[in-house]
């Protein structure tokens with residue numbers, strides 16, 4: 001899916017770079033040889049014993065992802081909307097918002113999804129909707145929790161829709177991208193959550209921009225601002241706000257969202273665990289491999 005406006009991604013490997021992986025047979029032999037050691041009594045490779053400790057360590061290693069995975073919320077705020085329920089009630093968005101989402105990630109089918117990280121979204125029977133937006137390269141996978149793609153179940157005729165599922169997913173995300181078409185200022189704590197750390201708020205700057213699916217040009221701009229919880233330092237060269245062109249908006253917001261999520265993880269870690277080392281997934285895997293060697 002090279003074009004940002006293609007439809008549902010149907011690839012078989014979540015990689016930006018399509019490539020064939022080839023292993024030279026001599027490489028395998030090298031791993032089992034004593035080289036570069038002089039003595040053959042110190043083999044480079046060792047067979048692992050099949051005991052419960054090793055098996056448990058391998059199971060734990062399998063649970064640690066080999067890539068960096070993130071979940072970020074994307075909210076559409078329609079004209080005049082100010083409350084959590086109004087935002088969660090949306091099942092669509094403006095043409096400008098839909099264009100932004102098409103550039104932010106790829107549309108993936110959730111049911112049976114195994115190649116792409118889904119961040120807790122149901123992959124069995126479409127309880128969280130049929131589709132979601134995701135972005136990935138060889139080292140990172142990001143799932144975007146977009147409430148407008150999730151169902152609004154009604155338990156009984158005439159009753160108010162239940163937004164529990166939407167709130168569960170969005171409320172646990174540290175970073176929220178807010179596409180604000182309300183015409184009003186977006187309040188930081190509009191979505192009530194214990195993990196309300198950073199909002200990236202996108203608002204119209206060029207009049208009428210969100211009401212059309214017009215071609216992206218450098219003459220059309222959105223205003224991007226960052227809202228931060230107390231204790232989180234400034235981390236992006238945004239200042240009060242920045243004007244971003246329609247064409248560049250998805251790329252800029254995607255990058256800011258990634259670094260915002262990393263910073264939020266560090267903030268939560270230091271506020272709860274003090275000076276203990278923050279372990280990335282890669283370092284956790286390295287520690288498990290070292291424990292196997294020991």
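The numbers here are math on the coordinates, done by the rules we state, and not lab data. Only a predicted model underlies this, so the values are computations on that prediction, with no experimental measurement involved. Because the Cβ atoms are built from the backbone with ideal geometry, glycine has one as well, and the counts that use them run over all protein chains shown.
Values for this structure:
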{"quantity": "Distance from the range 57-102 to the range 156-187 (C-alpha centre basis), Å", "calculated": "10 Å"}
{"quantity": "Fully extended contour minus Cα-Cα distance, from residue 294 to residue 242, at 0.36 nm per residue", "calculated": "13.5 nm"}
{"quantity": "Extension gain, residue 51 back to residue 138 (0.36 nm per residue minus Cα-Cα distance, nm)", "calculated": "28.0 nm"}
{"quantity": "Descending principal axes extents, the range 217-267, alpha-carbon based, whole Å", "calculated": "37, 19, 13"}
{"quantity": "Mean residue ellipticity (222 nm) of the chain, computed from DSSP H runs ≥ 4 via -39,500 (n - 2.57), nearest 500", "calculated": "-8500 deg cm²/dmol"}
{"quantity": "Once the Cα gyration tensor of the range 114-160 is diagonalised, semi-axes √(5λ) in Å", "calculated": "28, 11, 6"}
{"quantity": "Cα long-axis angle, helix 95-104 against the chain (0 to 90 degrees, to the nearest 10)", "calculated": "10 degrees"}
{"quantity": "Peptides ranked, highest mean first, by Cβ atoms within 10 Å: ranges 76-88, 157-169, 97-109", "calculated": "97-109, 76-88, 157-169"}
{"quantity": "Convex hull volume per residue for the range 146-294, taking Cα atoms only, in Å³", "calculated": "191 Å³"}
{"quantity": "The chain: radius of gyration over Cα atoms, expressed as a fraction of 2.2 N^0.38 Å", "calculated": "1.20"}
